[in-house]
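Input: a single structure, listed below in structure tokens.
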């Protein structure tokens, strides 16, 4: 391959060009998103049981179903939610399980349990959860119209326009009101006229229909005949004839027919103006940036066609963060390539060398896209961050090759011969160092957790980039060196002629000579200190210094290192969540929401905000609201961070009574979801009363003793007020009716029942029958509800014992135990790892105070964080073992790979020091750097020992001389390779590229710290380990010989 590259350059250039072309082509086809796509195998089962409270749902539905679902293969755990009228079972499977097979297994088990469900329970609905189906954009529609008209316009005109945008999967509508025709019955008139509600609804349905009759056959054409019986106005409904025992009456005599709206369960506002929200979801295979661009284009087109005053506003756009993040990483890659190229020019003094390095790095990056595409990876933060991290590594091999080729040129070889011999000579060492980079990421490919999926994308992208760079190192690098480097001129006798540069050459050489001179000075100092290190006193000094450093780092890690899942980002987004006491109606919740809006209006950094009160799903109640605030960008004048703004806001909202208010900074991945607290403590047990008591105790203790936490909340909700209607069975028997008949009657009277539809201008609207609001507004009204029996109307109190009470609104379970979550948010300057440690210690201290059988643990991101640390420890151990096995196979030695492996803890020392001194936590991003460094830090040792072994095998020198000579000859290559890697990480370490760069900063810091410290220690400890055993053995041998001589003389 090397010879073909040098002597058939055009052929090899075409091969490399093909790699580049395919890379560019596949890049255009790759899916773009913020993070790698992953599927969590989660299956849900929903069982509707009308009229059942959460306790009944738990005992009759959830517990039997849990027993069966727990038996399914691959289950991680089962958690359940018991609500009014329905229960939800969530089966969490281990990563890697086929979710389609899992869904079928869950369906079979739930259907098996359903045989014992109450008869009134409906058939279970089994579905798979798509974790990637969150909204990528949110749009608000405002205008000079009421809520009903706004929603109607969105449903009729606007929603279809966005649904047709390429890549859009669905458009969900929130807010506004829906028109409804209400037939509100008068209690007294029903009694007086003896009208049955069921009869009225049946008469409405029978009178409101269109039916085809047939056709009239004509001589030349046929004519359709149909019955057009649908009501054409509300007056026609009011004039509907109803037969009664006293004669025909009109519907309008016993009821008010109103043009109204459905019961309001949600409200939406944009910048304080009533609005209707549209959430845009993309298809799983669609490019988030392209979809967002299409939606924005359509939004601008629609805005041009809207009547004056109506407007669509872009509230949230995930693609902004995606584009900013990707642009940031691409910018970092470009900056890293430029800095590395400049570094090589300064220290090697050759423009040709800089040109070679400047070309090999981007070609390696572009060539990686093809392998990424066929592996199913997309363009996202993880894959691009891997390429950014790899830039320094990509050029390392080229630096070593160019250094060796340059050395051959100095010996007087022809450029082509120098390129061939210089590359071939160190081919094994380069392959060894490259393969170590590859093998450390193999264990990551087998990680099964969510974090493991992120790491798999990062690790395999690093592997692809490294493989392509190895190809470039053995092809393009020697090819360009052979034709760009100049050999030394010789006279007719073959002697080398020293060329004298011109004036410009001398000036350039003088300027460029500063850095090589500096490098020579550093090398002189290094060799002097290394000579001391390779002595008995030097070894003692190194041992003492190393022990002191390890003890210092251990102390710092124990007392100052914290852990978190991912670094906090400042994307200029803030979420304010409001929760009122259970039972609060939407009007009260909305009024409190408006108070919060008013108090936050004066914050200058806020550019826009949207509000959603209540919701249209079972997981959001009318006593809840969420406000999403977007800040102006830093370059637009914002001086405070989002965390600082959040911290300043909390006192403004602290005095609002009966309200739990959570304020936290958020990110693009969280803006469309209701996220839990930063730390969630799970309290569980077999008995609900014990769990409630324990949760209250722990909540109070956390608030009292743990600093750095705010907005502490228990997921347990006090019982919602309810009016219980307990059947008087004897009275029902006397009146000749049943519980089922009267319960149905009560439901129609209070909640209403859909009797049919009303059509106007081609649109259909629901028609509901129920009692007037004044007849169902209080306990006394419920007692006086008219119940029709075979013996006539009687009051509800005649058939029921009616009492006030309270019932739980929600029961949560996990692993067949009742669970309550105590969640909390963190103040700036605190991490999840720190708070988890404190809360965990507090829970352990309080163990004797908690009721028997209650256990605690962490959920949410904290649970994922623990999984991350455990899996990474296993992955790091596997990476170390595989690296050792590879080195043994390559070096044919068990001892020397062990020496090389000592560089790994040296890198860890640098990582920990870098993170601690910069105040960064050990996060998922930083752990990536640690794994990467396992394969990187050994490269210097491989290069050094490979040269020392070569010199030792020549027989011209001993161990000490061999390692000293190797250190001298490879010093510049090692320093330049390390500096190139460090320089490539500087854009990450300095968080260049805006607010989102904070996420990748810990990786840059950890990499820089690990590379610098490991390189310094490697340059001393590896030669020491190489020399010391032989020195000790020689000294021992001399000692034994000396003793033997003394014994011999004494005889």
Theoretical gain in end-to-end length, residue 330 to residue 1044 [0.36 nm per residue, Cα-Cα removed]: 250.1 nm
Sites residue 71 and residue 338, calculated FRET efficiency, Cβ-Cβ separation with R0 51 Å, nearest 0.05: 0.30
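How much length would be gained if the chain were fully extended between residue 598 and residue 285, taking 0.36 nm per residue of separation minus their Cα-Cα distance, in nm to one decimal? Mind showing how you got there, number by number?
Details: separation 313, 0.36 × 313 = 112.68 nm, distance 4.16 nm.
Result: 108.5 nm gained on full extension.
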Computed label-point distance, nm, for sites residue 898 and residue 188 using a 7 Å Cα→Cβ extension: 10.2
Principal axis box of the range 349-477, alpha-carbon based, largest edge first, Å: 56, 25, 23
Gyration tensor verdict on the range 204-319 (Cα atoms; rounded if a/c is under 1.5, prolate if a/b is larger than b/c, oblate otherwise): oblate
Three-way shape call for the range 93-194 based on the alpha-carbon gyration tensor, with the a/c threshold at 1.5: oblate
Estimated inter-spin distance, residue 300 and residue 734, nm [label 7 Å along Cα→Cβ]: 7.7
Cα centroid separation - the range 136-171 against the range 712-753, whole Å: 39
Principal-axis tilt of helix 739-750 within the chain, Cα atoms, nearest 10 degrees: 80
Spin-label zone in the range 943-977 - amide nitrogen under 11 Å from a point set 7 Å from the Cα of residue 527 along the C-beta vector: 964-971
Alpha carbon centroid spacing (whole Å) that separates the range 236-273 from the range 938-992: 86
Mean shadow area of the range 318-393 over all directions, Cα convex hull, nm²: 5.2
FRET efficiency, residue 759 to residue 636 (Cβ-Cβ, R0 51 Å, nearest 0.05): 0.50
Between 0 and 90°, nearest 10: helix 959-989 axis offset from the chain longest Cα axis: 30
Highest to lowest packing among 147-158, 393-404, 369-380, scored as the average C-beta count within 10 Å: 393-404, 369-380, 147-158
The range 409-487 and the range 38-102: distance between their alpha carbon centers, rounded to Å: 50
Order of 106, 543 under a 10 Å beta carbon neighbour criterion, fewest first: 543, 106
Residues of the range 978-993 with amide N under 20 Å of a point placed 7 Å along Cα→Cβ from residue 545: 978-979
Residues 454, 858 arranged by fewest to most Cβ contacts within 10 Å: 858, 454
Residue order, fewest to most beta carbons within 10 Å, for 82, 439: 439, 82
Residues residue 417 and residue 846, FRET efficiency given R0 of 51 Å [Cβ-Cβ distance, rounded to 0.05]: 0.10
Segment residue 25-residue 520, extension gain: residue separation times 0.36 nm, minus the distance between their alpha carbons: 173.7 nm
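For the range 135-197, what does the relative contact order come out to in percent, with C-alpha contacts under 8 Å and a separation of six or more?
It comes to 30 percent, rounded to a whole number.
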Rounded to 10°, Cα long-axis angle of helix 9-29 versus longest principal axis of the chain: 20
Debye equation applied to the C-alpha atoms of the range 42-128, log10 I(q)/I(0) at 0.13, 0.21, 0.22, 0.25 Å⁻¹: -0.35, -0.88, -0.95, -1.19
Cα-projected label distance for residue 198 with residue 885, points at 7 Å along beta-carbon direction, nm: 7.5
Helix-only [θ]222 nm of the chain, DSSP H runs n ≥ 4, -39500 (n - 2.57) each, per residue, nearest 500: -17500 deg cm²/dmol
Relative contact order (%) - criterion: Cα under 8 Å, at least six apart; region: the chain: 16
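Each value in this text was obtained by applying a stated rule to the coordinates, not by laboratory testing. Computed from a prediction, not measured in an experiment: that's the story for all the values here. Using ideal geometry, Cβ is built from the backbone for each residue, glycine included, and neighbour counts are taken over all protein chains shown.
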